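A short worksheet on the structure shown next.
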Amino acid sequence: NVAETQEHYKSRWRSIWIMYLTMFLSSVGFSIVIMSVWPYLQKIDPTADASFLGWIIASYSIGQMVASPLFGLWSNCRPRREPLVISTAISVAANCLYAYVHVPHSHNKYYMLTARALVGFGAGNVAVVRSYIAGATSLTERTSAMANTSACQAVGFILGPVFQTCFTLIGEEGVTWKFLCLQLNMYTAPVLFGALLGVINIILIFAIFREHRVDDMGRQCKSINSDGEGSDVLDQSTEGSIDHVAVVALNVLFFVILFVFAVFETMATPLTMDMYSWTRKQAVFYNGIILSVIGVESVIVFMVVKTLSKKTGERAILHAGLLIVLVGFFILLPWGKKLPNIQWQEIKNNSIPRTAPTEMLMPFWSLQELQLPSNHTVEPVGCPVTQSWCLNTPMIYLAQYISSDVLIGLGYPVCNVMSYTLYSKVLGPKPQGVYMGWLTASGSGARILGPVFVSQIYTHLGPRWAFSLICGVVVVSLLLLEIVYKRLIAFSVRYGRMQE
């Protein structure tokens with residue numbers, strides 16, 4: 001091990017900044033369409049229902065779950081530029097496919113499913129990014145670097161819906177380029193923009209990114225994958241075994257944290273359409289704004305957490321974050337007396353034919369009074385009668401929804417960055433590609449089960465069941481954290497090479 005030169009230090013941080021950017025672009029790829037998937041799906045394929053939406057949202061994560069350990073393993077043995085460039089190229093191609101899912105005459109929903117799964121497969125590079133940053137930072141730099149990585153990811157998740165909201169100005173029709181068979185509208189413009197960002201990312205990886213590695217003290221090491229040759233004999237600081245109990249516990253906690261947030265994200269659009277009688281466009285627009293505000297809140301939290309963790313330690317902050325999330329979901333339970341507007345009731349009350357068939361429900365004179373043109377159909381709003389719970393579950397007030405958003409937006413980023421930081425410290429100086437792959441995969445697993453769980457539980461049993469179960473899951477994870485609390489310490493501290 002040699003002391004680090006100024007040139008090495010600069011090059012190392014330039015490469016870390018490129019990793020931050022990759023993280024940002026990978027999350028933009030996910031979130032830029034999240035608010036508009038449902039209306040776009042209804043438009044291109046009327047046979048798709050809400051439970052299929054759950055699968056489309058989940059397909060991104062299935063792709064990421066499969067790819068993460070593979071890319072992690074690849075990055076342990078070969079130069080990291082290879083998996084980074086290949087994964088980004090896959091995402092670019094998949095985004096272009098998504099822009100064309102309206103073209104085939106049938107099975108459009110399956111093309112959309114494939115496109116999202118491939119975008120997710122490309123996002124498996126998150127494991128490569130995290131393992132590179134873990135290997136290229138000393139213990140003192142680690143929390144800050146991991147917080148920055150999570151902040152870039154969060155900014156991507158926030159700006160995605162913001163870009164989407166801006167693209168709604170193009171409208172549902174947009175412009176059509178016949179010679180390319182391409183419709184440029186509020187649904188396809190965001191993914192094409194995502195593809196462009198991916199191309200820029202590939203160029204920057206070739207131009208600026210270099211392999212670097214330092215030990216826990218910050219001394220320069222030979223990187224085992226700098227030129228793809230056999231690994232050098234690593235220094236003494238890597239001797240010792242990893243605490244696998246701590247590793248498994250952190251994987252489980254990370255799973256819960258992402259599961260809870262995925263549920264929250266997936267719920268936003270259907271919940272607000274059911275409770276507040278918002279139209280599709282309103283739901284996409286307002287939730288886009290709300291998620292953007294939460295995102296800004298998250299970034300502030302990431303910055304605060306960096307300094308706070310130096311005083312209290314990562315474990316205590318993780319504990320606090322989970323408690324805040326628990327309160328956030330508890331607030332969402334429906335308490336009041338007032339029921340949400342039902343779609344057909346809405347029609348009777350307002351005496352406006354929301355959809356053509358409902359004209360039969362209305363007395364002749366009220367139709368005369370309205371004098372609407374015969375082809376007039378308005379999108380039905382309110383809680384659909386097909387969800388039987390709509391008839392007896394109290395509505396969740398907007399104030400409840402907003403307060404819950406604020407708390408979850410505070411707790412989630414805290415838990416996210418602390419679990420990553422603790423994980424990379426527990427693993428220590430050995431190459432972390434595969435382990436980071438498993439952590440990313442457990443997060444992806446959560447993103448798969450979250451939307452599917454919600455689309456089933458929420459649709460059939462309603463918000464009371466859905467949110468009570470979530471509260472239960474968070475309570476169990478708090479108990480797990482208590483049990484393993486003492487084991488969540490850095491590798492070098494565990495073997496007495498450094499003081500905590």
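The values are calculated or read from the model by the stated rules, or taken from the named source; none is laboratory data. On a predicted model such as this, the values are computed, not experimentally measured, just so you know. Positions of Cβ are generated from backbone atoms using ideal geometry, with glycine treated the same way; all protein chains shown enter the neighbour counts. When the accessible area is computed, the model is the full protein with side chains, heavy atoms only, and any ligands, DNA or RNA have been set aside. Shrake-Rupley method; radii C 1.70, N 1.55, O 1.52, S 1.80 Å.
Some notes on this structure:
- Per this entry, Ile470 is not counted among residues that are part of a helix (DSSP H, G or I) and surrounded by fewer than 21 Cβ atoms within 10 Å (Cβ to Cβ).
- Selection count where residues are touching a Lys or Arg at 6+ places or on another chain (Cβ under 8 Å) and not small (Gly, Ala, Ser), scope region 236-268: 6
- Ile90 being closer than 30 Å to Asn185 by Cβ, assigned to a helix (DSSP H, G or I) and open to solvent by 30 Å² or more (accessible area, probe 1.4 Å): yes
- Qualifying positions in region 9-59 - surrounded by 19 or more Cβ atoms within 10 Å (Cβ to Cβ) and either in the same structural domain as Gly443 (by the TED database) or part of a loop (DSSP other than H, G, I, E, B) (or both): Ile32, Val33, Ile34, Met35, Ser36, Asp45, Ala48
- Meets criteria (more than 22 Å from Leu250 (Cα to Cα), of a type in the set (Gly, Ala, Ser) and in a helix (DSSP H, G or I)) for Ser455: yes
- Residue identified as at pLDDT 85 or above and either surrounded by 20 or more Cβ atoms within 10 Å (Cβ to Cβ) or more than 30 Å from Tyr420 (Cβ to Cβ) (or both) among Thr377, Thr393: Thr393
- Identity of the residue in region 125-142, charged (D, E, K, R) and open to solvent by less than 10 Å² (accessible area, probe 1.4 Å), that ends up modelled with the lowest pLDDT: Arg142
- Qualifying residue in region 140-157 (condition: over 23 Å from Val299 (Cα atoms) and of a type outside the set (D, E, K, R)): no
- Among the residues making up region 240-284, those that are outside any helix (DSSP H, G or I), farther than 23 Å from Thr393 by Cβ and either in contact with a His (Cβ under 7 Å, 6 or more places away or on another chain) or touching a residue at least 24 places away in the same chain (Cβ under 8 Å) (or both) are Gly240, Ile242, Asp243.
- Qualifying residue in region 403-418 (condition: crowded, with 23+ Cβ neighbours inside 10 Å and touching a Lys or Arg at 6+ places or on another chain (Cβ under 9 Å)): yes
- Given (1) more than 30 Å from Val296 (Cα to Cα); (2) part of a helix (DSSP H, G or I); (3) touching a residue at least 12 places away in the same chain (Cβ under 8 Å), index of the condition Pro394 fails: (2)
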